[in-house]
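Enquirer: Take this structure, written in structure tokens, and hold onto it; I'll ask about it next.
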Amino acid sequence: MPDTATKTGTLPAEFADLEKFSDWCLATEPERYGKRLNSTMAQMQEFYDAGMARIDEAMDYLDQFPLKAMPEDAKALMHLMQSLVTVSFPIECWKQPRVPDSGAAWLTITKEPVV
Amino acid sequence: MNYSDSIDPAHYAKEQEAIFKHSWLNVGRVERLPKKGSYFTKEIAVAKASIIVVKGKDGVVRAFHNICRHRGNKLVWNDFPNEEVQGTCRQFTCKYHAWRFSTEGELTFVQQEEEFFDLDKDKFGLKPVRCEIWEGFIFVNFDDKAEPLNDYLGPMAKGLEGYPFHEMSEVYSYKAEINSNWKLFIDAFAEFYHAPVLHVNQATREEAEKLQSYGFEALHYALHGPHSVVSSWGGMSPPKDLNMVKPIERKLHSGLFGPWDRPDIEGLDPLPPGVNPGGAKQWGVDSYVFFPNFMLLIWAPGWYLTYHYWPTSVSSHTFEASLYFVPPKTARDRLGQELAAVTFKEYALQDANTLEATQTMISSGYVTEFPLNDQEILLRHLHKTARDKIKEYENA
């Protein structure tokens, strides 16, 4: 009997290599920023390296769909790319998850366009 | 400069009366009220006010004090009376005894009306607050005798008319509680030459070193009555050389100055005469200070940013920032805007944290005189204007 319970990933099949980072498929800014603060630099570096290697193909893939009517797997890929933007600062600038010299300062997002 | 105006509670009390109860205050954009019956509330602690801003059945935007005319309960709120709310409704109903008011402010229903004996409902409509609109920006004023909004905003605003603000409806808004006097945060954003120092690690190392070696100079400064503007160049949008920017910016064609590609809308070329007032070729951004607490930044690549500083005490305020873009058509456009928004937050966190340190030190009182350079003219102007308004009010 064929195995009907084939496991499908969160992401489009073309991006199965990024599936192991699918816990970064987060729809909102507080979730993405929170995960950044709770991640190690090593975890983010691995995600950043893998994501940056595929970002051009990811944008080509996503641009096939209207922004407001993406299939679920494309939406997950979009959220993953948004997280990539979030981790780019620790990796490219700060060498730490937090913004340096930001101390107790906290900025809450009160309105955002969620894909 | 002397910062007694930012640490003395008695001075703050004067600002509350002389400035915030008599100046035009921006409370947001008309796009927040898309339909008839759309409303939002705004807590304006510095004027001891809570207001309702609502679009009536006639399409007119009005503002009212958020208080029921029966027993003084706050009229519009959910769960927590001090939290701002928004929505759409046909009428406002008081939670206390169900008095009802139309979206135009008339009292329409009184519970057990006959027991009030000939109550004249016309006399108990919601108490209006002056409300006028400039280019889609909604302003209120608690002074019924204040000059009209357009006169108050003057020629600086006139020069911006026609900018396609209404096309830029993709909004990211942020809020922060800041432990500093409201003027200090305006000071931080009213000059640009701190950027290569405070935000040194945000640029590539070569760029930061280059900037610090020759010093940053903005392009243009102007004072217009109580208001002012400073323009800066913006070589990063797009950069002359891709090596000047970070890898993610190279991928997404975006950064601090916004997405590099101009959106395809009317009104950006030519720009209204007040935008890029110095006419500089290398123009990147204009930063307009509308006294007292509203800033508008127009960026060369076709988007804008607003800042509001709502005082809550002499040494604290609520900071609000909103980024406005043309709605993206593609995922690529959307990610470019995402990068601009994320970059904004990284910068703002650094700026915000610096302020608390400033407030604490100037409050210590050990040092009372501080030299300002020429690029800091907007700061001097803000503090001087605020003091002058108090004098004017006291002499009137």
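Read the figures in this text as sums done on the coordinates, not as results from a lab. Owing to the predicted nature of the structure, the values given are computational and were not obtained by experimental measurement. Here Cβ is always computed from backbone atoms with ideal geometry, including for glycine, and neighbour counts include all displayed protein chains.
Enquirer: Quick one, what does Rg over Rh come out to for region B:248-396 if you take C-alpha atoms and the Kirkwood Rh?
Expert: Working: Rg = 18.8 Å, Rh = 18.2 Å.
So for region B:248-396, dividing Rg by the Kirkwood Rh gives 1.03.
Enquirer: Let me ask you something else. If I take every Cα pair under 8 Å that is 6 or more residues apart in chain B, average their sequence separation and divide by the length, what percent do I get for the relative contact order? Show your work: numbers first, answer last.
Expert: On the way: 730 pairs, mean separation 78.6, N = 396.
The normalised contact order for chain B reaches 20 percent.
Enquirer: What percent does the relative contact order of region B:164-395 come to when contacts are Cα pairs within less than 8 Å and at least six residues apart? Could the numbers behind the result be given before it?
Expert: Working: 370 pairs, mean separation 72.1, N = 232.
It comes to 31 percent, rounded to a whole number.
Enquirer: Pick out which of B:50, B:232, B:363 has the largest mean-square fluctuation in a Gaussian network model of chain B, springs linking Cα atoms closer than 10 Å.
Expert: B:363
Enquirer: What is the ratio of the Cα radius of gyration of region B:302-379 to 2.2 N^0.38 Å, where N is its residue count, to two decimals?
Expert: Working: Rg = 17.3 Å, N = 78, 2.2 N^0.38 = 11.5 Å.
In units of the 2.2 N^0.38 Å rule of thumb, it is 1.51.
Enquirer: For region B:87-146, with the dipole built from +1 on Lys and Arg beta-carbon atoms and -1 on Asp and Glu ones, taken about the Cα centre, which of B:111, B:93, B:126 lies farthest toward the positive end?
Expert: Ranked along the dipole, the leading option is B:93.
Enquirer: Taking amide H positions as placed in the peptide plane 1.01 Å from N, state which residues far from residue A:110 in sequence (5 or more) or on other chains have amide H under 5 Å from it.
Expert: Placed amide hydrogens put B:173, B:174, B:175 under 5 Å from residue A:110.
Enquirer: Further question on the same structure: List the Cys residues of chain B that have no partner Cys with a C-beta closer than 4.7 Å.
Expert: B:89, B:131
Enquirer: Tell me, what ³J(HN,Hα) does each residue in region A:57-69 have, in order and in whole Hz, if you take phi through Karplus 6.51 cos²θ - 1.76 cosθ + 1.60 with θ = phi - 60° and put x for Gly and Pro?
Expert: Along region A:57-69, the couplings run 5, 4, 5, 4, 5, 5, 5, 5, 10, x, 4, 8, 9 Hz.
Enquirer: Just to be sure I understand: if I project the alpha-carbon convex hull of the protein assembly as shown onto a plane and average over all orientations, what area do I get in nm²?
Expert: Values: hull surface 119.3 nm².
Quarter of the Cα hull surface area: 29.8 nm².
Enquirer: Can you list residues from other chains, or at least 5 along the same chain, whose modelled amide H is less than 5 Å from the amide H of residue B:220?
Expert: Distant-sequence amide H within range of residue B:220: B:231.
Enquirer: Can you give me the distance in nm between label points at residue B:360 and residue B:396, each placed 7 Å from the Cα along the Cα-to-Cβ direction?
Expert: 3.9 nm
Enquirer: Still on this model: How long are the three semi-axes of the equivalent ellipsoid of chain B, in whole Å, if each is the root of 5 times an eigenvalue of the C-alpha gyration tensor, listed from largest down?
Expert: Numbers: eigenvalues 306, 137, 70 Å².
Taking √(5λ) for each Cα gyration eigenvalue gives 39, 26, 19 Å.
Enquirer: What ranking do B:278-291, B:243-256 get when scored by the average of other Cβ atoms within 10 Å per residue, highest first? The partial results should precede the final answer.
Expert: Details: B:278-291: 19.4, B:243-256: 20.9.
By packing density, highest mean first, the sequence is B:243-256, B:278-291.
Enquirer: Now a separate question. Non-local amide H neighbours of residue B:138 (under 5 Å, H modeled in plane, Pro and chain starts lacking H): which ones?
Expert: B:27, B:28, B:29, B:30
Enquirer: Chymotrypsin sites (Phe, Trp or Tyr not before Pro) within region B:27-135: which are DSSP loop residues with at most 14 other Cβ atoms inside 10 Å?
Expert: Working: sites: B:39, B:40, B:64, B:77, B:92, B:96, B:99, B:101, B:109, B:116, B:117, B:124, B:134; in loops: B:77, B:96, B:99, B:117.
Listed in order of number, the matching sites are B:96, B:117.
Enquirer: Please list the radius of gyration and Dmax for region B:25-145, considering alpha-carbon atoms only, with Å as the unit.
Expert: Considering region B:25-145 through its Cα atoms, Rg and Dmax are 14.2, 47 Å.
Enquirer: Now, a different point. Hey, can you rank B:340-349, A:63-72, A:29-38 by average C-beta count inside 10 Å, highest first?
Expert: Working: B:340-349: 21.1, A:63-72: 12.3, A:29-38: 15.7.
Listed from highest to lowest mean packing, they are B:340-349, A:29-38, A:63-72.
Enquirer: Right, something else. Can you list the HN-Hα couplings for region B:384-394, worked out from phi with the Karplus curve (6.51, -1.76, 1.60; θ = phi - 60°), rounded to whole Hz and with x for Gly and Pro?
Expert: 5, 4, 4, 5, 4, 4, 5, 4, 4, 5, 5
Enquirer: Which aspartates and glutamates have a Cα less than 19 Å from the Cα of residue A:35, not counting those fewer than 8 places away in the same chain?
Expert: A:19, A:23, A:46, A:49, A:92, A:112, B:338, B:346
Enquirer: Here is a further query. Dipole size in debye (nearest 20) for the protein assembly as shown around its Cα centre, Lys and Arg Cβ +1, Asp and Glu Cβ -1?
Expert: Working: 53 positive and 71 negative charges, 169 e Å.
In debye, rounded to 20, the protein assembly as shown gives about 820.
Enquirer: Also: In Å³ and rounded to a whole number, note down the convex hull volume per residue for the Cα atoms of region A:16-94.
Expert: Details: hull volume 7.1 nm³, N = 79.
Spelled out: Cα convex hull of region A:16-94, divided by residues, is 90 Å³.
Enquirer: Measuring from label point to label point, each 7 Å out along Cα→Cβ, what is the residue A:65 to residue B:151 span in nm?
Expert: Between residue A:65 and residue B:151, the simple spin-label model gives 5.6 nm.
Enquirer: Across region A:38-53, in residue order, what do the Karplus-derived ³J(HN,Hα) couplings come to in whole Hz, using 6.51 cos²θ - 1.76 cosθ + 1.60 with θ = phi - 60° and x for Gly and Pro?
Expert: Each residue's phi maps through the Karplus curve to give 9, 10, 8, 5, 5, 4, 6, 4, 5, 5, 4, 4, 5, x, 5, 5 Hz.
Enquirer: Also: For an R0 of 51 angstrom, estimate the FRET efficiency from the Cβ-Cβ distance between residue B:1 and residue B:114 and round to the nearest 0.05. Please report the intermediate quantities before stating the final value.
Expert: On the way: r = 64 Å, r/R0 = 1.25.
Computed FRET efficiency for residue B:1 and residue B:114: 0.20.
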